[in-house]
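Chemist: Take a look at the following structure, please.
The values are calculated or read from the model by the stated rules, or taken from the named source; none is laboratory data. What you are looking at is a predicted structure, and each value in this text was computed from that prediction instead of being measured. Here the Cβ is made from the backbone with ideal geometry for all residues, glycine too, and neighbour counts use every protein chain on show.
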Amino acid sequence: MGKLLEGKVAIVTGSGQGVGRALAMKYAAEGAMVVTNNRKPGQSETKQLTPEEIATLSPEDLKKVQERYAMLAGDAATTANAIVANGGKAAPFFADIGNFDAAKDLVEFAVKTYGRIDIIANVAGAFGFGSIAEMSEETWNRVNTVKPKGYFNVIRHAAPYLMEQKWGRIINCTSRAFLGDWILHPEYCAANAGVVGLTRAVAIELYPYNITCNAFSPFAATRASIDLEAANLVKSDRKKAMAGLPNFTYEQTPPPEAIAPFLTYLCTDAAAKISGSVFSLAGNSIALYSEPVEKATVNKFSPEFWTQEEMEMTLPRTLFAGYKSLAEPDNVH
């Protein structure tokens, strides 16, 4: 057992499996008392693929997918039990963080159980495939209710405690999809862009209280990895990407445990000045995203505002000189 987080109390949402579980286990191994969380006991079924699509899998592929899902099965209670079995302290709390009052109950459970709250790690997430022209309202609401709304709910109820003690660390899980994506899941892109905006706003507001807030985009073997690999195997007329789905197999994807040490570092006093940033994490790779800046500017030095004719004549050779849209097929990022 380490001591980097000794005496700290952490809430880790979405900690029944994957990155959330790995982070909860690491926090506990470093001495933190952890409240594990997911929506309800047991493992929910995948919502990324329809039953009809799953039925198209060959018996061999179906068996492989089911075995991988079973291997990653778990919930807040199984993670808490594993922490306790390893000599740590943990307690599970099932709650849908997308519900404002349920998120409050989660935070108050942590305070009542361990006397305080120091670290919030929002890892819970949801996603689904769908064209913007075909997506259902249910899919949009389901995904965006977790991110960023659920993250806001937890932070909102924890913030007063963190501000009063003048110490806190907040970690939010985003995705590279916040930049837009060639996978057809606009609701997921919007949700993760919201996480980035929320992270930056919270970082600025709470910095005077010695509270940091950062976001991370993980590339790690999780249930989502299995969903994406399965999506490559099913037969379906439903288009899921503009240029083909990612072709990383589950075995080629780094384990979530690999990124837990960096996310633990962000929760220490050594990282007290690191706030409002977005990191990309994949195995041994740690990257810091650049800050968004104005790339090009054109000004008219006159008391008169731009005319339409002036814009048509000036913009192509100034503001849009060398411009290339991210939407062009050969500019997929």
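Chemist: Listed residues Ser285, Ser325, Ser275, Ser290; which is loosely packed, with under 13 Cβ neighbours inside 10 Å, of a type in the set (Ser, Thr, Tyr) and touching a helix residue (DSSP H, G or I) at 6+ places or on another chain (Cβ under 9 Å)?
Modeler: When all the criteria are applied, what remains is Ser325.
Chemist: Inspect the range 74-81 for any residue being surrounded by fewer than 19 Cβ atoms within 10 Å (Cβ to Cβ) and in contact with a Lys or Arg (Cβ under 7 Å, 6 or more places away or on another chain) and give the result as yes or no.
Modeler: Taking every residue of the range 74-81 in turn, none turns out to be surrounded by fewer than 19 Cβ atoms within 10 Å (Cβ to Cβ) and in contact with a Lys or Arg (Cβ under 7 Å, 6 or more places away or on another chain).
Chemist: Would you check if there is a residue in the range 243-252 being of a type in the set (Gly, Ala, Ser), closer than 29 Å to Leu62 by Cβ and either touching a Gly at 6+ places or on another chain (Cβ under 9 Å) or exposed (fewer than 13 other Cβ atoms within 10 Å of the Cβ) (or both)?
Modeler: Within the range 243-252 (the criterion being of a type in the set (Gly, Ala, Ser), closer than 29 Å to Leu62 by Cβ and either touching a Gly at 6+ places or on another chain (Cβ under 9 Å) or exposed (fewer than 13 other Cβ atoms within 10 Å of the Cβ) (or both)), the answer is yes, since at least one residue qualifies.
Residue by residue, here is whether (1) aliphatic (A, V, I, L, M); (2) assigned to a helix (DSSP H, G or I); (3) closer than 23 Å to Lys239 by Cβ holds:
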residue	(1), (2), (3)
Leu49	yes, no, yes
Leu57	yes, no, yes
Asn81	no, yes, no
Ala110	yes, yes, no
Arg116	no, no, no
Gly130	no, no, yes
Trp140	no, yes, yes
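Chemist: Kindly state which strands (runs of 3 or more DSSP E) lie completely within the range 180-290 and contain at least 3 residues that are over 14 Å from the mean Cα position of the chain (by Cα).
Modeler: 285-288
Chemist: Same structure, new question: Using the structure shown, decide if Pro218 is modelled with pLDDT of 95 or more and either more than 21 Å from Ser290 (Cα to Cα) or touching a His at 6+ places or on another chain (Cβ under 7 Å) (or both).
Modeler: No; evaluated as a whole, the condition is false for this residue.
Chemist: Take the residues in the range 42-57 that are surrounded by fewer than 15 Cβ atoms within 10 Å (Cβ to Cβ) and in contact with a Lys or Arg (Cβ under 9 Å, 6 or more places away or on another chain); name whichever of them is modelled with the highest pLDDT.
Modeler: Thr56
Chemist: Do we have Tyr69 as assigned to a helix (DSSP H, G or I), modelled with pLDDT under 85 and either under 21 Å from the mean Cα position of the chain (by Cα) or within 17 Å of Ile119 (Cα to Cα) (or both) here?
Modeler: yes
Chemist: Here's a follow-up. Sort through Ala126, Ala121 and tell me the only one that's buried (at least 17 other Cβ atoms within 10 Å of the Cβ) and either modelled with pLDDT of 95 or more or in contact with a Gly (Cβ under 6 Å, 6 or more places away or on another chain) (or both).
Modeler: Exactly one of Ala126, Ala121 is buried (at least 17 other Cβ atoms within 10 Å of the Cβ) and either modelled with pLDDT of 95 or more or in contact with a Gly (Cβ under 6 Å, 6 or more places away or on another chain) (or both), namely Ala121.
Chemist: Which ones in the range 167-179 are hydrophobic (A, V, I, L, M, F, W, C) and in a helix (DSSP H, G or I)?
Modeler: Ala177, Phe178, Leu179
Chemist: Looking at the range 26-35, is at least one residue within 17 Å of the chain's Cα centre (by Cα) and buried (at least 21 other Cβ atoms within 10 Å of the Cβ)?
Modeler: No; the residues of the range 26-35 include none that is within 17 Å of the chain's Cα centre (by Cα) and buried (at least 21 other Cβ atoms within 10 Å of the Cβ).
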